[in-house]
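S.K.: Sending over a structure as structure tokens; questions will come in a sec.
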Amino acid sequence: SGCRKDMTSTDNSNPSKFTELKVDPSFTFDNYVILNMNLSVNSSVSSSMNIIQVYEDDPGHGKLIVSGVTYGSQSYTNNIRVPKAAKNLYLTYNSSDGKHESAIVSIDGSSLFYVFGGTKSGESLENS
């Protein structure tokens, strides 16, 4: 029949014991990566309090990964654990002086740098 192939093989492709499994040496069991994050706000008001939040998905229904507070243009730095399969993170900031911004930022490597209201490494969703 046309669908059957001769399956004679000399390798051990169907091991009978777990210990006989052959795993590619480059395979890792890690499902998460550590991302070095540096987020800041381009603010001339040194006393403004900024709440920064990082989400796995759209903040309307996505899981909050971490949140932090900075003042003025201070940086918020943190090492966060994100799923290895994640391609983007969703960032928001709300300031005590009424400013806010949301952005989608691509994860590329092991670092994430973003300045709200300034240098962008992601796509801004809104500004005010």
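The values are calculated or read from the model by the stated rules, or taken from the named source; none is laboratory data. These numbers were taken from a predicted model, which means no experiment stands behind them. Neighbour counts are summed over all protein chains in view; Cβ atoms, including those assigned to glycine, are modelled from backbone coordinates with ideal geometry.
S.K.: So which residues in the range 58-95 are over 27 Å from residue 31 (Cβ atoms) and surrounded by 13 or more Cβ atoms within 10 Å (Cβ to Cβ)?
M.R.: Those that are over 27 Å from residue 31 (Cβ atoms) and surrounded by 13 or more Cβ atoms within 10 Å (Cβ to Cβ): 70, 71, 72, 73, 74, 75, 93, 94, 95.
S.K.: Then there's this: Quick check on my filter: what residues within the range 98-113 are under 12 Å from residue 51 (Cβ atoms) and outside any strand (DSSP E or B)?
M.R.: The answer is 99, and nothing else.
S.K.: Looking at 102, 75, 67, 95 in this structure, which one is free of Cβ contacts under 8 Å to residues at least 24 places away in the same chain and either in contact with a helix residue (DSSP H, G or I) (Cβ under 9 Å, 6 or more places away or on another chain) or of a type in the set (S, T, N, Q) (or both)?
M.R.: 67 is the lone residue from the list that is free of Cβ contacts under 8 Å to residues at least 24 places away in the same chain and either in contact with a helix residue (DSSP H, G or I) (Cβ under 9 Å, 6 or more places away or on another chain) or of a type in the set (S, T, N, Q) (or both).
S.K.: Now for a separate question. Can you tell me which residue in the range 34-87 is modelled with the lowest pLDDT, limited to those that are charged (D, E, K, R) and not in a strand (DSSP E or B)? Break it down stepwise before answering.
M.R.: Of the range 34-87, the ones charged (D, E, K, R) are 56-58, 63, 81, 84, 87.
After this cut, where a residue has to be not in a strand (DSSP E or B) as well, the list is 56-58, 63, 84, 87.
Details: 56: 92, 57: 90, 58: 90, 63: 92, 84: 85, 87: 91.
Applying the filter and picking the extreme gives 84.
S.K.: Look at the range 42-56 and say how many of its residues are closer than 22 Å to residue 99 by Cα and under 19 Å from the mean Cα position of the chain (by Cα).
M.R.: Summing the residues that are closer than 22 Å to residue 99 by Cα and under 19 Å from the mean Cα position of the chain (by Cα) in the range 42-56 gives 5.
S.K.: Consider only pairs whose beta carbons are under 8 Å apart and that are at least six residues apart or on different chains; among these, list those whose first residue lies in the range 48-63 and is at positive phi and touching a residue at least 60 places away in the same chain (Cβ under 8 Å) and whose second residue is small (Gly, Ala, Ser) and surrounded by fewer than 17 Cβ atoms within 10 Å (Cβ to Cβ).
M.R.: none
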